[in-house]
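For reference, the structure is listed below as structure tokens.
The values are calculated or read from the model by the stated rules, or taken from the named source; none is laboratory data. Only a predicted model underlies this, so the values are computations on that prediction, with no experimental measurement involved. Methodologically, a virtual Cβ is constructed for each residue, glycine included, from the backbone with ideal geometry; neighbour enumeration extends over all protein chains shown.
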Amino acid sequence: MGKIKNNLVGIDVGGTFTDLISFDSDSDSYNFTKVFTSPKNQSKGVLNAIEKASINLNKQDLIIHGTTTTTNALLERKVSKTALITTKGFRDVLELGRRTRPFPYGLIADFTPLIPRNFRFEVEERVDFKGNILKKLNEKELLQILKKIKELNCESIVIHFLHSYANSCHEVKAKNVILKNWTNKYVTAGHEILSESREFERGVTASINASVQPILENYIYDLQQKLQNNGYKKELLVMNGNGGTVSSKIVSKEAAKTVMSGPASGVIAAAYVSKLSKIKNIITYDMGGTSTDVSLVVNNKPAVSSETELEYSMPVHVPMVDVRTIGAGGGSIAKINEVGLLEVGPESSGSDPGPICYGKGGKNPTISDANFLLGRLSPKSLNINENLEINENTEVILKNKISEKLKLNNFQSAEAILKIANNKMANAIRMVSISIGEDPREFCLFSFGGAGPMHACELARELDIPKVFIPARPGLTNALGCLVADLRQDFTQTLDTSLDKTNEKHLHSILEKFKSEGTALIKKQKVDIEEFYTEFSLDMQFLGQTHIIKIPLKDTNPSKIFIKKEFEKNYFKRFKVKLEKILPVIVNVNVSVVGKRKELDLKKLINFTRNKANSYRKVYFNGKWYKTPVYLRENLFPKFKKTGPAIVEQLDATIVIHPKDNFFVDNFGNIIVEIYND
């Protein structure tokens, strides 16, 4: 493992906290910082973190940044005013969708498309599914539409023509015409973002890109200016949802790819750390202040999907780390619903005012408050002073809003809140494992986030997962993901041809073409690359089916015999059935080109010391109190072994080890917990 010669900074913006990890090559050491996220302008929180960490930007060689700017804009519908131009007769594709319902029961539901109907326009043009031009683009009509769009004061335009994946000439021509007569460069041609079939998914993905492109570019420009004004002159990389990074100079062109970049960076870090610790298969479990994200990593490779749905009828069909998110974080609010049942989340108290135990005026009981009352969280770990008023407020509010209504004492109510939250998180883990044919009992639960290590042991017990892995810096894992992420470019091309009719040479040429394009794009970015590697795959299904399975390929020259065997093997693993008489179909061709950066030495993430004394406090487990040792993380040297109960505290997280669970520290400072199940 070569020594890093660069000074690096990784910054991840979460819903509650903005986290920073920096590496100084001169002192061969790390620096860590957590500050509250500034929701109205994330760049303010980023600069606050840099200032708090006393980082000299003049001496930094690379900053890698994970942002929730685009994700938040979409979820809150605070997007740019965008117009859509589509093929005549297809104005309502975004609204018709897949004729599904947001809820399985009931006939009433609200759905608002990303672009309203009066901002969607039709133009004469038509290409068939084979790419043949049936009707030429009416440029005169296009210019008339452009005048109407200008009158609506739109900031961005998306062009979405039927079957542009088969022949993009009309989208290319329309974009050129618009750029010559438009007020800015925010024009998205659908095929540039997603060149595959399915008009609804392609249209929504392109609309998402157009809607957030100005927002992302303005944010990145603002951040770059502030960094430059403070002395930073080098490259700024931005995390994408696929777990790779891209230069800030080109990131807004494909802004849709930055959606879910925060959760992706955590999975990348988990895969990186577990590989160093020689653990191949993990379930990542990231519980922060607002939500919980779970994902699957097999053979140290994160699962990547091109079928993410951000919310109902908002598919983002670009390659992303397959992360499932639920509304269960430390700030998730517990309440009694209309029928008298206890609910936890998805509503969150956020960072301001936050949970009651933060002492900032919170008025609703949360998961953090439950942990606080049960002795699992201390005022010190919350960075507040011991305050009897905070204790009293937490107890009184929980009693009035939860305990009296359930006829329980506060400790029973607090434990009930945690059990319901754990059950929600367990179901999310089942969705990323059991639902795709994987057995969670064969995995290790990799727990991180500020709140994850408090719940991991009980969650693993619920799922019969034998081991829990807690990294050296669990509350800063997403920032670490930024620090270690490689550069990546993804490509997709629709083939939609049965395997027996597939032209092998044509398939091989697509794979080679994308490999060359991806390598060239990464080389243009001013970042040192150790080596390149490329991942190839096919999206396949049996003839007549709608859902696809991703089939990995070894190189750019796969034979049809090899493809058939791999598809049948993967299909059987997923569904436990053979369909030998039905034709396999290649739907899409996928290529991911990765530029690997130098590896980091993670053994110095914790500065071990024995100068600080450990202590004891009472902690509530399974209906009774235990006198529990409280360890400081820096006191737990490699090879340290102990049996729970135990609490481990550090700057970025609190770790809860349950009674009878054994735990030890490995050579990298990670804690491995062996779960006791009677």
Residues being part of a loop (DSSP other than H, G, I, E, B), more than 27 Å from the chain's Cα centre (by Cα) and more than 22 Å from S509 (Cα to Cα) - total across the range 540-563
3
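Determine whether the range 613-622 contains at least one residue that is out of contact with any Ser or Thr (no Cβ under 9 Å at 6 or more places or on another chain) and small (G, A, S).
If we filter the range 613-622 for residues that are out of contact with any Ser or Thr (no Cβ under 9 Å at 6 or more places or on another chain), which is where we start, we get 613-615, 620, 622.
So of that shortlist, the ones also small (G, A, S) come out as 613, 615.
Checking the range 613-622: at least one residue is out of contact with any Ser or Thr (no Cβ under 9 Å at 6 or more places or on another chain) and small (G, A, S).
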Those residues that are surrounded by fewer than 24 Cβ atoms within 10 Å (Cβ to Cβ) and among the aromatic types (F, W, Y), I need them from the range 456-512; list them, please.
F491
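If you scan the range 79-110, which residues turn out to be part of a loop (DSSP other than H, G, I, E, B) and either in contact with a Ser or Thr (Cβ under 6 Å, 6 or more places away or on another chain) or among the hydroxyl-bearing types (S, T, Y) (or both)? Spell out the reasoning first.
Our first condition is that a residue be part of a loop (DSSP other than H, G, I, E, B); within the range 79-110, this holds for 79-81, 88-92, 97-110.
V79, S80, G97, T100, Y105, listed by residue number.
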Tell me yes or no: at least one residue of the range 79-97 is assigned by TED's automatic domain parsing to the domain that holds E199 and under 22 Å from the mean Cα position of the chain (by Cα).
yes
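Mind listing whichever residues of the range 617-667 are part of a strand (DSSP E or B) and over 19 Å from I606 (Cβ atoms)?
Within the range 617-667, the first condition is being part of a strand (DSSP E or B), and the residues that meet it are 617-621, 624-632, 641-643, 646-650, 653-657, 662-665.
If the condition is that a residue be part of a strand (DSSP E or B) and over 19 Å from I606 (Cβ atoms), then R617, K618, V619, Y620, F621, K624, W625, Y626, K627, T628, T643, N662 are the ones that fit.
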Identify the residue in the range 546-561 that is touching a strand residue (DSSP E or B) at 6+ places or on another chain (Cβ under 8 Å), closer than 16 Å to Y571 by Cβ and not aliphatic (A, V, I, L, M) and, among all such residues, is modelled with the lowest pLDDT.
H547
When you go through (1) in contact (Cβ under 8 Å) with a residue 24 or more places away in the chain; (2) loosely packed, with under 14 Cβ neighbours inside 10 Å; (3) within 24 Å of E196 (Cα to Cα) one by one for T556, which number turns out not to apply?
(2)
Within the range 560-580, identify whether any single residue is in contact (Cβ under 8 Å) with a residue 12 or more places away in the chain, within 28 Å of D486 (Cβ to Cβ), out of contact with any Leu (no Cβ under 6 Å at 6 or more places or on another chain) and loosely packed, with under 12 Cβ neighbours inside 10 Å, and answer yes or no.
no
Check every one of the helices (runs of 4 or more DSSP H) wholly within the range 112-215 and list those with 1 or more residues that are among the hydrophobic types (A, V, I, L, M, F, W, C), surrounded by fewer than 16 Cβ atoms within 10 Å (Cβ to Cβ) and out of contact with any Cys (no Cβ under 8 Å at 6 or more places or on another chain).
139-151, 169-181
Can you find a residue in the range 22-45 that is buried (at least 21 other Cβ atoms within 10 Å of the Cβ), part of a loop (DSSP other than H, G, I, E, B) and either in contact with an Asp or Glu (Cβ under 9 Å, 6 or more places away or on another chain) or not aliphatic (A, V, I, L, M) (or both)?
yes
Does any residue of the range 601-616 turn out to be more than 29 Å from S29 (Cβ to Cβ), over 33 Å from the mean Cα position of the chain (by Cα) and either buried (at least 20 other Cβ atoms within 10 Å of the Cβ) or of a type in the set (K, R) (or both)?
no
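Which residues, taken from the range 382-428, are of a type in the set (A, V, I, L, M, F, W, C) and modelled with pLDDT under 90? Walk me through how you get there before you give the answer.
Kept after step one, since they are of a type in the set (A, V, I, L, M, F, W, C), are these residues of the range 382-428: 382, 384, 388, 390, 396-398, 402, 406, 408, 411, 414, 416-418, 420-421, 425-426, 428.
Result: L382, I384, L388, I390, A428.
Within the range 361-377, can you find the residues that are small (G, A, S) and either in a helix (DSSP H, G or I) or under 10 Å from V656 (Cβ atoms) (or both)?
Within the range 361-377, S368, A370, G375 qualify.
Restrict the check to the range 215-227 and report whether at least one residue is over 30 Å from V304 (Cα atoms), touching a residue at least 12 places away in the same chain (Cβ under 8 Å) and of a type in the set (D, E).
Pass one, the range 215-227, residues over 30 Å from V304 (Cα atoms): 222, 225-227.
Next, only the ones that are touching a residue at least 12 places away in the same chain (Cβ under 8 Å) stay: 222, 226-227.
Narrowing the set further to residues that are of a type in the set (D, E) leaves 222.
Scanning the range 215-227, I find at least one residue that is over 30 Å from V304 (Cα atoms), touching a residue at least 12 places away in the same chain (Cβ under 8 Å) and of a type in the set (D, E), so the answer is yes.
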Pick out, from the range 260-342, the strands (runs of 3 or more DSSP E) lying fully within it that include 2 or more residues that are outside the structural domain of T494 (by TED's automatic domain parsing) and more than 12 Å from the chain's Cα centre (by Cα).
282-287, 292-298, 332-336
Of all residues making up the range 392-450, the number that are at negative phi and not in a helix (DSSP H, G or I)
12
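Every residue in the range 581-600 that is in contact with a strand residue (DSSP E or B) (Cβ under 7 Å, 6 or more places away or on another chain), of a type outside the set (A, V, I, L, M) and either at pLDDT 95 or above or surrounded by 15 or more Cβ atoms within 10 Å (Cβ to Cβ) (or both), please.
Answer for the range 581-600, where residues must be in contact with a strand residue (DSSP E or B) (Cβ under 7 Å, 6 or more places away or on another chain), of a type outside the set (A, V, I, L, M) and either at pLDDT 95 or above or surrounded by 15 or more Cβ atoms within 10 Å (Cβ to Cβ) (or both): P584, N588, N590, S592, G595.
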Within the bounds of the range 481-503, is there any residue that is at pLDDT below 95, within 18 Å of M287 (Cβ to Cβ), not in a strand (DSSP E or B) and not β-branched (V, I, T)?
yes
The one condition in (1) touching a helix residue (DSSP H, G or I) at 6+ places or on another chain (Cβ under 6 Å); (2) more than 30 Å from K598 (Cβ to Cβ); (3) aromatic (F, W, Y) that F542 fails to fulfil:
(1)
